[in-house]
Amino acid sequence: MIHHLSVSASDPKGVAEFFADIMGGVVVDFPPNPGSYMVFKGDVLGTAIEIYPAGSVMVPNGEPGAVFERQAEAADRRSPTHFALSVSLAPREVLDRAAARAWHAYVCDRGGCFHVIEVWVENAWLVEILPQDFAAEYLSFANAVTEMADPNTALDTHQPQARTLENA
């Protein structure tokens, strides 16, 4: 189980407010890295997202624990790192919230296995939003994979695909 994760943003507070809105959570300051915020879902699992200012990195600091440093903000903040987030909103509500921030958002079919809404936060990095119906598809797929005799074949039909089904 992942309880929390961290991301960076040019506008950490705005990104935190977006996640609090779609998660039904609250935003709090995150003093260990000035200018950072945490969004808590307020569920029994401690689900949270930390949003750091762009350029923030964590570096080892021995037993006291990691410390934050700031690197010069790169022009291109793209990364293969992303996460999927289940929400109770309808797909249209997610798309509308992304559009209100002028962020790219698309309803995508993941190889016929399940659907996601790709939201490109600040048009720089990806979060896959799973409204309830999409989350059910994903969970059905993920649970089926664990039951397969050869789970390595689960994604054989999931090939590179056309970009989008629906623009926000």
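Of the strands (runs of 3 or more DSSP E) that lie entirely inside segment 39-150, those containing 3 or more residues that are of a type in the set (Val, Ile, Thr) span 114-121.
In the set (1) open to solvent by 50 Å² or more (accessible area, probe 1.4 Å); (2) in contact with a Lys or Arg (Cβ under 9 Å, 6 or more places away or on another chain); (3) modelled with pLDDT of 90 or more, Arg101 fails one condition alone, (2). Do we have any residue at all in segment 77-98 that's farther than 24 Å from Glu17 by Cβ and basic (Lys, Arg)? Scanning segment 77-98 turns up no residue that is farther than 24 Å from Glu17 by Cβ and basic (Lys, Arg). Considering Ala168, Ala144, Ala124, Ala135, the condition of being in contact with a strand residue (DSSP E or B) (Cβ under 6 Å, 6 or more places away or on another chain), modelled with pLDDT of 75 or more and small (Gly, Ala, Ser) is satisfied by Ala135 alone. Of the residues Pro60, Pro91, the single one that is open to solvent by 80 Å² or more (accessible area, probe 1.4 Å) and either modelled with pLDDT under 95 or under 22 Å from Gly14 (Cα atoms) (or both) is Pro60. Scanning segment 1-20 for residues that are outside any helix (DSSP H, G or I) and crowded, with 19+ Cβ neighbours inside 10 Å yields a total of 3. Within segment 67-88, work out how many residues are at pLDDT below 90 and either more than 25 Å from Gly35 (Cα to Cα) or not β-branched (Val, Ile, Thr) (or both). Result for segment 67-88: 14. Ala72 meets the conditions (1) surrounded by fewer than 14 Cβ atoms within 10 Å (Cβ to Cβ); (2) farther than 20 Å from Asn123 by Cα; (3) free of Cβ contacts under 8 Å to residues at least 60 places away in the same chain in every case but one. The failed one is (2).
Looking only at residues in segment 21-45 that are under 15 Å from Ser86 (Cβ atoms) and without any contact (Cβ under 8 Å) to a residue 60 or more places away in the chain, the one that is least open to solvent (accessible area, probe 1.4 Å) is Val39. Just checking, how many residues over segment 111-143 are over 17 Å from the mean Cα position of the chain (by Cα) and either under 19 Å from Ala9 (Cβ atoms) or open to solvent by less than 50 Å² (accessible area, probe 1.4 Å) (or both)? Total satisfying the criteria: 4.
The values are calculated or read from the model by the stated rules, or taken from the named source; none is laboratory data. Not measured: the values here are computed from a predicted model. A quick note on method: Cβ atoms are made from the backbone with ideal geometry, for glycine too, and the neighbour counts reach across all protein chains shown. Keep in mind that these areas ignore ligands, DNA and RNA; they rest on the heavy atoms of the full protein, side chains included. Shrake-Rupley method; radii C 1.70, N 1.55, O 1.52, S 1.80 Å.
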